[in-house]
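Readers should treat all values here as calculations from the given coordinates under stated rules, not as data from a laboratory. Predicted, not measured: the structure shown is a model, and the values here were computed from it. All Cβ positions, even for glycine, are placed from backbone atoms using ideal geometry, and neighbour counts span all protein chains on display.
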Amino acid sequence: MTKEFIRKKVRERYSRVAKEQRSCCGPSPTCCGSANTADAIAQKIGYSEKDIVAAPEGANLGLGCGNPVALASLQPGEIVLDLGSGPGFDCFLAARRVGDTGRVIGVDMTPDMVSRARENARKGSYINVEFRLGEIEHLPVADNSVDVIISNCVINLSIDKSQVFQEAFRVLKSNGRLMISDIVLLKPLPEFLQQSVAAYVGCISGAMQKQEYLETVHAAGFQQVRILKETPFSLDCVRTDPTAQAIIADLKISPEILNGIEGSIFSIHLTGQKAG
Ligand SMILES: C[S@@+](CC[C@H](N)C(=O)[O-])C[C@H]1O[C@@H](n2cnc3c(N)ncnc32)[C@H](O)[C@@H]1O
C-alpha cells in the first residue's frame, strides 16, 4: 500500500460517509450502526445531550473518538482550527464557545465532507465558522494565526503524522494550544490488521504506538505534552456485526486474538502548547 493509495481510500471512505450519513469510526460499541446511532455514540464518548441538540442536524455522524471541545477551555474571541472537521460537529460546538468575536476554521480533504459541513453551517446560520478544503499535512492556514487547534479521530488516518504536528505548530500563535482526541496503540497489531485497508480507514491500523505519538508531538516543538484521558477501544460492535463476523470467520481469528487486539487500542485526549 503506497501512501497515496491510502489517502485515496480514506477520501473515498469519508466521501461515502458524507453522502450516506453512516457512521463507524471510534471506540464505541454502537459504531456499526446507521445515522440514528450517532447520538448514542456521541454521548458515549463524552458529549452532553445539550451539545447534540445544539449542533445542526446531520453535523454529528458519530465519527469522533472523544470530545476535544469539552477539554479545550475555549474563550470568547479565540480563533480555533479543527483538523479533519468532517461534517462540522466540533466546529459548531466550538463556535458557540468563542462567540461572535471568535472564529472557527474547519479543514478537511474530502470535498463531500466540506460541502456537507458548509450546508450544515448554512442551516444553523453560523456566521463565525468556515470550512476549507485541504490536507492537514499542508494546512491552508497562515503562520501564527490560531489560538487553539482541536482534532477528533483524524490524525491516525494521516499518512504523515510528523508533518501534521509540524503544520499545527506553524499555524499556532505563541502560547497557542492543542487539544486532540485520537486513537493510539499500546501493542503492535497482528499482521493481517496492519495490512488491512478497511482497518486503516476505520481508524485502527493507521494508529501509532502511544510513546511514538508523544515523541512525534514533542519533536514538532510542542511543550507540556500530556495525555489527559485514555479509554480502551471496545470491539463489541465487531462481535455483533454480521459482516465483521463473516470476515473474522474467513480469516480464522480466534476469540483470544480478538481480545488481544481489543486490549491494544486506546482513544486518548492529548494536550500540548506552543511556548511563547
Ligand atoms: C473519522 S472522521 C472525523 C470527522 C470529525 N472530526 C468528527 O469527529 O466528526 C475523519 C475525517 O478526517 C478527514 N481526513 C482524514 N485524513 C485527512 C487529511 N490527511 N487531511 C484532511 N482531512 C482528513 C476525513 O475526510 C474525515 O472527514
Report, by chain and number, residues whose modeled amide H sits under 5 Å from the one on residue 176, excluding near sequence neighbours (fewer than 5 apart, same chain).
274
Given Cβ charges of +1 for Lys and Arg and -1 for Asp and Glu, the option among 246, 38, 145 whose Cα lies farthest towards the positive end of the dipole of segment 3-273 is 145
Lys, Arg +1 and Asp, Glu -1 on Cβ, resulting dipole of the chain about Cα centre, debye, nearest 20:
260 debye
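Which of 256, 12 comes first, and how do the rest follow, when ranked by fewest Cβ neighbours within 10 Å?
Values: 256 8, 12 13.
Least to most surrounded, the residues fall as 256, 12.
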What distance in nm separates the two pseudo spin-label positions at residue 198 and residue 53, each 7 Å out from Cα along the beta-carbon direction?
3.9 nm
Listing 5, 131 from the residue with the fewest other Cβ atoms within 10 Å to the one with the most, what is the order?
5, 131
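Hey, which of these cross-link pairs are over 22 Å Cα-Cα: 210/252; 161/229; 161/274; 3/252; 50/123?
Values: 210/252 28 Å; 161/229 20 Å; 161/274 17 Å; 3/252 28 Å; 50/123 18 Å.
Listed pairs above 22 Å: 210/252; 3/252.
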